[in-house]
Amino acid sequence: MDNCSEKGKLNVSIEFLGATNGIVTGSANLVTITRGDTVRKVLVDYGWFQGDDDYMNEDRVINPDEIDCVLLTHAHLDHCGGVPLLFKTIDDNIPFTGKIYGSRETLDQAVHILRDSAKVNENRLKGYKGCYEKTKHTLMKDREKAEREVAKPKDIAAIDSAVDSIEEEEQSIFYSIEDVEEAIRHFYPIDFTKGAGSIQEITLFEGIDAKFIPTSHINGSTMIELRAYYGSENYTIVFSGDIGNENTILYKKMRFPTNYSADCVVLESLHGVERPIESLQESTIILKKILKQAAKKQKSVIISAFSLDRSAGIIKILNDFMDQGLFLQCFIDSPLTEKELNCYINSYKDGTSAWFNYNQGFPFKTERFHVITTYQEHLLAAKYKGPNIFITSSCMGFGGRVLDYFEQHIQDEDSIFIFPGFLPQECPSKTLLEAEQGEIVELNGRLYKKHCKTIQLHGFSSHGYYPDKLKVLDAYPNVSTVFLNHGDDESVFTLSEFLSDKLEAEVIIPEYEDCYRLF
């Protein structure tokens with residue numbers, strides 16, 4: 001396959017700018033479409049690198065004024081969290097001026113996700129600035145000393161260079177709430193409700209269309225078919241986004257229409273060729289048993305979920321348990337969860353959602369939950385002893401309110417941490433999960449002696465497994481190329497081997513910043 005595009009009637013190329021090289025976050029796919037003398041650049045997802053890879057956010061390679069539009073598959077931070085960078089003025093860059101497309105549900109949720117991310121970024125920047133000021137102070141003292149001792153000019157120049165570098169770093173880290181608000185002003189929601197149907201197709205530019213197809217990953221999530229055509233020539237790329245499970249807590253089973261004219265699929269690879277370790281039903285039974293025992297033995301249960309979607313599903317299940325007679329004292333301790341839950345309620349309530357399964361009653365009741373609003377309430381609640389159930393966010397354990405629960409409960413044998421769904425390797429929650437009882441663990445620079453119990457409930461993963469990936473590929477029987485992204489090294493390579501044996505298509509594992517000419 002040729003690298004990047006040449007001039008011609010119709011040329012299509014793709015550049016991979018995230019979620020590659022065994023990294024499961026930071027999704028960004030830049031598609032360049034040349035139709036005669038007209039060139040359009042379409043960015044499909046622009047996500048945030050998370051965890052140990054978040055340093056990669058400091059040097060994104062996208063030039064905003066070259067992008068014509070952005071398409072978002074869903075509202076998870078690793079798919080939409082980089083969008084405000086398009087509006088951050090750096091050097092002589094001209095900010096993005098186009099439209100950002102996604103389902104109405106995706107964009108409604110992204111508003112809260114991005115505002116929360118900006119708040120985290122700004123707090124982080126304050127911490128960096130404190131460190132930089134100390135370093136600058138030390139350097140300036142060194143400079144004064146060097147001048148007094150008639151140091152060599154090159155030594156003073158080196159100190160000046162270090163100070164300049166620090167000052168530049170202060171100005172360039174991440175984005176602000178103003179950048180987020182500017183991004184929101186460019187949101188262009190696609191409405192799936194009011195009888196509009198379960199698939200929506202729009203024209204982006206002359207000769208370039210995008211089709212949004214609902215998936216069961218989270219509320220509002222879609223696959224995107226991007227089609228370019230010019231005269232008799234046409235080419236279609238499919239972006240799977242994150243693939244959902246067929247069997248979910250909240251969503252209907254999705255049916256993907258067959259598209260025989262699709263040429264290429266960019267396929268999410270999380271879970272690789274794994275089959276589910278346990279089903280949703282099995283995880284639900286295990287959770288109920290844990291909660292019964294916790295209530296009986298006066299234990300605290302901390303359910304560390306993702307504020308977007310996973311918490312909503314857990315709330316639905318806990319409501320079911322309470323309807324069945326299990327008495328539980330439950331707390332919702334995540335402001336972002338509360339905001340996102342309102343988005344879910346708004347998209348659910350008119351009965352026309354393309355995503356929700358309406359055969360199970362209203363799933364988002366919070367009347368029997370204690371909703372913690374202020375940070376002071378949170379600090380008090382984190383110290384409560386059982387029997388209590390806490391739903392908090394930041395499942396991976398890098399930040400957020402779960403850190404205070406780590407502080408209060410990891411060393412308590414009467415506490416249980418539950419992690420519903422997938423955890424990436426090397427995240428703090430995974431480290432805690434895999435530690436033995438009595439083992440010293442280091443999480444986010446703090447040391448703890450593990451006495452709590454930890455449980456992972458695999459059936460709550462919002463990501464599909466191997467059969468779900470095949471279901472997506474079955475909808476595109478004539479593709480000639482499959483790119484694999486969003487998976488750790490083992491998942492990507494094993495999936496590549498399996499698909500290479502199964503498909504006639506060429507299966508490619510792209511590297512970061514790899515560019516391919518497709519047509």
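The figures follow:
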| read-out | value |
| --- | --- |
| Qualifying residues in the range 28-58 (those that are among the charged types (D, E, K, R) and without any contact (Cβ under 8 Å) to a residue 60 or more places away in the chain) - the one farthest from GLY487 (Cα to Cα) | ASP37 |
| Single residue of the range 200-224 satisfying the filter (of a type in the set (Val, Ile, Thr) and outside any loop (DSSP other than H, G, I, E, B)) that is surrounded by the fewest Cβ atoms within 10 Å (Cβ to Cβ) | THR203 |
| Residue check, PHE417 more than 21 Å from the chain's Cα centre (by Cα) and crowded, with 18+ Cβ neighbours inside 10 Å | yes |
| Condition met for ASP108 (assigned by TED's automatic domain parsing to the domain that holds TYR46, in a loop (DSSP other than H, G, I, E, B) and either at pLDDT below 80 or in contact with a Gly (Cβ under 9 Å, 6 or more places away or on another chain) (or both)) | no |
| Any hit, the range 225-232, residues being surrounded by fewer than 24 Cβ atoms within 10 Å (Cβ to Cβ), modelled with pLDDT of 95 or more, touching a Lys or Arg at 6+ places or on another chain (Cβ under 6 Å) and under 26 Å from ILE113 (Cβ atoms) | yes |
| Failed condition for PHE256, given (1) touching a strand residue (DSSP E or B) at 6+ places or on another chain (Cβ under 8 Å); (2) in the same structural domain as ALA312 (by TED's automatic domain parsing) | (2) |
| Only one of ILE249, ILE277 that is among the aliphatic types (A, V, I, L, M), in a loop (DSSP other than H, G, I, E, B) and touching a Gly at 6+ places or on another chain (Cβ under 7 Å) | ILE249 |
| Residues that are among the acidic types (Asp, Glu) and either in a loop (DSSP other than H, G, I, E, B) or at pLDDT below 95 (or both), drawn from the range 347-388 | ASP350, GLU367 |
| For ILE332: the one exception among (1) in a helix (DSSP H, G or I); (2) surrounded by 14 or more Cβ atoms within 10 Å (Cβ to Cβ) | (1) |
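The values are calculated or read from the model by the stated rules, or taken from the named source; none is laboratory data. Since we're looking at a predicted model, the values are computed, not measured. Ideal geometry is used to build each Cβ from the backbone, glycine not excepted, and the neighbour counts take in all protein chains shown.
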